[in-house]
Structure formats: structure tokens, C-alpha cells
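Report on the following structure.
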Amino acid sequence: MTLRELHLPTGRRLAVWALLIAVLATVLWLVVRYLSPAPPRTLVMSTGVTDGAYHRFGQRYQEILRANGIRLELRPSSGGMENIQRLNDGSVSVGFVQGGTGLLATDPEATPDGTPLRALATVAYEPVWIFSHTLDLDHGLGVLAGKRIAVGVPGSGNERVARQLLSSYGVRPDAGGTVFVTDGGTAAAKLLLQHQVDAVIMIAASQAPAVQQLLGDPRVRLASLDQAEGLAQRHAYFQPLVLHRGAVDPARNLPPADVHLLATTANLVVRDELHPALAYLLLEAAKQVHSQPTLLRRPGQFPSPSDTDYPLSDQAERYFKHGRPFLQNYLPFWMAIYVQRLLLWLVPLAAILVPLMRVLPGLVNWRRQGRLFRRYGELKYLELDLASRQLDEEELRRAHAQLDRIEDEVVKTKFPIDFSDRVYTLRQHVDYVRAQIDRQVQPGRRR
């Protein structure tokens, strides 16, 4: 049905069309603005030191997102603590956060409403690597009292966790000659190899260059903590891991025995206003980057929704339950986004047009019936007028013209099949009244 079929005047039809277009445009604008905005083409990620695992992870994410039409800008940082600060102030949208430094680790009773940050997943183990030359640290870290210890760059998650771990053994800076050296990564590894520090506490993924360097150096000893299980119970964000004999280099039998380690987890954290499509894309990138096995994880163990330091995002919950969105399984990223937005546009259109299509036929029929009833009314009035008095010649001429107009309008109006009987009846009635008029105009004819 069209507005023309409603037999509205042209000006009124234009007004109705203008109103419909305005309503549809408003609804579509609301959908595009609030329900389905296009994802931004640029995303900013806070990583870590340039020679660390976080930054290397970020570079791989950068390649994957670039292949999907998204530019990922990487901003190096001192580590997880600076990443948290940047995420909170909104200067970045995504970053890596070290386990034990986020909201839920520092405040287990915190609620999701208390932070704008959400975790997408845990993406890797970050063991606590404790390297030295000759010190026996297996039975406890108390022997580090009075030593020079590299604990990580100032303000980093590495420094925070290292200080907490050492304090469990009563090892504190400026107590008994103990010195905390605030260097991390390859700089700390270099200090150890040059004997400028006695030990290094490094919290990083096994792929980190500094970790790889020290693990492969036979002059360096990796501490195997006898109390790893107990420390994990004392600090909930730790979990015990075992680096098995020969895992680093079987040819050189490195390590020469099983090593008991503590580990945290690296969190992939975003701001809660991140576009859902980008959240799913980051999760897919995380799957590609972190699902492969390493020294300390099995294939497919990461990314994981477990043990996050922030509340899990809605997109992550759906991703780990149902996988990525349906359209992204079959279409390239941007095409899937466009199709999804088109479908969302069609929903409000259907919500308006479907009821309208149901109402229009009844409205059209009502208009048609009204036209017939009005013609019947005119015809009935004319018939009663003829029956009540004798019309003069001019009045008879006007009556003929009125009958011709009624019949002409009925003939030109398109009526559906189910109106046929009423149309024919009206036309017969017109012929009947016309016959009455013709009898009046015959000379000498009396009523």
C-alpha cells in the first residue's frame, strides 16, 4: 500500500512522508550513535620496557590488528603499574597488567563499579625468576639480606612484587646494608653478569630476552624455591610452577634439575568503553599470540578467563562461552562489522514498517468505504429531493451533472475485488436515479 492509495491531498501526503522520513532518520541516528557505532581505526596499547615480553607481545598484536585494518599504537612503559595508571586516566585503551598488582588482587572485595577497567583474559604465566651466581636461595631468600638486589624499575609491578616477596623474609632496603637496585630487564641481567649485583628478581614471561639470556648462561644459577607452595598460599596471586630438568636446553641439560618457581599471570586489560568489536579482535589476537606452548604452559592454556586481576568484560565472557561473533567466523573483520550494523539498522526499520504495513490495509479499506458511503449519501439526498418536489430545468441539469460526477469518481477509483458488489450496487442506484430524472424532463410527464 502507498500513501497515494489513501487518496490524501498532495500536501498532506508530502507531510506524512516527511514525518515518516524524520522518524526513521531519528531512529537510525540513535542506533548508529548509541547501539552500533563504527569501531575506531586506531587503538593505543601500553606495553612495557622495549626489551621486555610485554612489548614483544604488543608488536605481534600490532601485526594482527594491522591485517584487520586497525592501527595499534604501542607506548612503552616501565611495566604493569604504569600501564594501570595510563588505563585509569584514559590515555590508552588497552595494556598488559602483571598479576598481583590489579584491583582484585589488591582489594578482593572490590566491585566492578569501582573501576573503569575490565580484563579480557590472562594471557601468560609470569614466573618469578630469581638469578644469582653462587648464592643458595633454594631454602629461602633471607640470605639476600645485606646484598645488592635488582628488583625492577621504579614504579613497576616487578618492583612491587619483588619487594613484597623479599619482605616475607625480612629483607628490606637500608637494613643491614641491603641495597635494592632499581633496574630491570636486560639492564638488570647485564649488572648480574658483571657482578655488580648479587641477585636479580625478574618477573617476566619465559620469552623475555633477559630471561632467555640468563637461562642459557651456565654461570648463572636459577633459584628453586622449596617453599613455593607455602608462598603461593601466603600470597594468593602466586601459583607454583615447575620448570623441568632439561626444558631450557636438553643438549646442555639446562636446568640440571627440576626448578620450583612462583608465577603470576599477565592480564590483558581494557577500558570498559572499548568498542565490543575491538574487544573480540583483541581476544582473537591473544589466541594467536599466546596459545602456543612455551617452557611453562601447555598448548591452548592461554588466553584464559581465570585468575584475572580485574572483572572480566562482557565480551570476554561471551567469547569464552560461545567463541567469536557469528559473522566474524565467515566474513573479514570490517565486512562483518558493516553487515552487523546493517542488521541493527534493519531492526528499528522493521519495528516501524511491519506494524505500519499491518495498519495500512485497514486504513485504505476504511478510506475506500468512506468514499463509497459519501457517494451513497449524496445519491440518497438527491433521490429524496427528487421525490419531495418538482425540479425546474436548471436543477435537473445540475442533478444530471452530479450523477455523472458520482459515477465518474466510482469508475476511476480502483477498488479491490471484495468491494465489487458494493460498487455495482452504487452504479445501479445511480442509473435508477438518472431514470427518475429522465422521466421528469419528458414533456407533459407528471410525477
Test LEU192 against the criterion of being of a type outside the set (Val, Ile, Thr) and in contact with a strand residue (DSSP E or B) (Cβ under 7 Å, 6 or more places away or on another chain), and give yes or no. yes
Only one of ALA387, ALA401 is modelled with pLDDT under 75 and over 58 Å from the mean Cα position of the chain (by Cα), namely ALA387
Residue set ASP309, ASP314; condition charged (D, E, K, R), in the same structural domain as ALA110 (by TED's automatic domain parsing) and surrounded by 20 or more Cβ atoms within 10 Å (Cβ to Cβ); output residue ASP309
Could you count how many residues in the stretch 26-54 are polar (S, T, N, Q), assigned to a loop (DSSP other than H, G, I, E, B) and modelled with pLDDT under 85? 1
Selection count, the stretch 185-204, where residues are part of a strand (DSSP E or B) and within 19 Å of GLY100 (Cβ to Cβ): 4
Residues satisfying the stated conditions in the stretch 80-136, i.e. β-branched (Val, Ile, Thr), in contact with a Pro (Cβ under 6 Å, 6 or more places away or on another chain) and part of a helix (DSSP H, G or I): none
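Results for (1) surrounded by fewer than 20 Cβ atoms within 10 Å (Cβ to Cβ); (2) basic (Lys, Arg), shown as yes or no for each residue.
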{"residue": "GLY140", "(1), (2)": "yes, no"}
{"residue": "ALA150", "(1), (2)": "no, no"}
{"residue": "GLY185", "(1), (2)": "no, no"}
{"residue": "LYS190", "(1), (2)": "yes, yes"}
{"residue": "GLN194", "(1), (2)": "yes, no"}
{"residue": "VAL200", "(1), (2)": "no, no"}
{"residue": "VAL211", "(1), (2)": "no, no"}
Being in the same structural domain as LEU243 (by TED's automatic domain parsing), surrounded by fewer than 16 Cβ atoms within 10 Å (Cβ to Cβ) and in a loop (DSSP other than H, G, I, E, B): is that true of GLY69 here? yes
For the structure I just gave you, tell me whether GLY114 is touching a residue at least 24 places away in the same chain (Cβ under 8 Å) and small (Gly, Ala, Ser). no
Give the residues of the stretch 218-244 that are in a loop (DSSP other than H, G, I, E, B) and either hydrophobic (A, V, I, L, M, F, W, C) or free of Cβ contacts under 8 Å to residues at least 40 places away in the same chain (or both), sorted by residue number. PRO218, VAL220, ALA223, LEU225, ALA236, PHE238, HIS244
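The values are calculated or read from the model by the stated rules, or taken from the named source; none is laboratory data. The structure presented is a predicted model; accordingly, all values stated were derived computationally and were not measured. Glycine also receives a Cβ, built like all others from the backbone with ideal geometry; neighbour counts cover every protein chain displayed.
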